[in-house]
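Please read the structure below before turning to the comments.
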Amino acid sequence: MDSNQSNKSQIESKQNQPILDNQKLQILRNVRQDLWFGALNGLITGITISSIGFYTIQFIPSLKKHYTRNNYILTALISSCIGSYVSSLTYGKNSMINQRDQLIYQQSNDKYNESYVRRQLSISKSKESSE
């Protein structure tokens, strides 16, 4: 008896999962691609800026004692992490803002889609039967 209930719950959970069509999947792929591109862009920018900044330290007499290999590695790692994080946030936010209009338009049109109506009816029936 327990196996029948668990099978029913698994089937119901699979039915209630959102269905993504090819357009929405393409939008998600674009957002993921923008996030990764932003992270790599920030990584390269962070390493470049830290290298230039650390290279200029050797010409300042009061900071010349801090011009060591360990400090260079530390600044390169920290600046690349910060650059990667900030850049991926920026690229991801901008990508979502650009893709938001497409998602909103598709969601408003989904209300008239036949599969959407069937899915909503099955959800309401399952709620009624559970009560």
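The values are calculated or read from the model by the stated rules, or taken from the named source; none is laboratory data. This one's a predicted model, so the numbers in the text were calculated from it and none came from an experiment. Quick note on the areas: whole protein, heavy atoms, side chains included, nothing else; ligands and nucleic acids left out. Shrake-Rupley method; radii C 1.70, N 1.55, O 1.52, S 1.80 Å.
Scanning the stretch 40-92 for residues being over 30 Å from N30 (Cα atoms), in a helix (DSSP H, G or I) and aromatic (F, W, Y) gives a total of 3. The residues of the stretch 41-71 that are hydrophobic (A, V, I, L, M, F, W, C) and open to solvent by 100 Å² or more (accessible area, probe 1.4 Å), listed by number, are I44, I49, I52, F59. At pLDDT 85 or above and of a type in the set (A, V, I, L, M, F, W, C) - does that describe any residue in the stretch 62-70? Within the stretch 62-70 (the criterion being at pLDDT 85 or above and of a type in the set (A, V, I, L, M, F, W, C)), the answer is no, since none of the residues qualifies. If the condition is being in a helix (DSSP H, G or I) and either open to solvent by 50 Å² or more (accessible area, probe 1.4 Å) or acidic (D, E) (or both), then the stretch 17-39 contributes N22, Q23, L25, Q26, L28, R29, R32, Q33, D34, L35, W36, F37.
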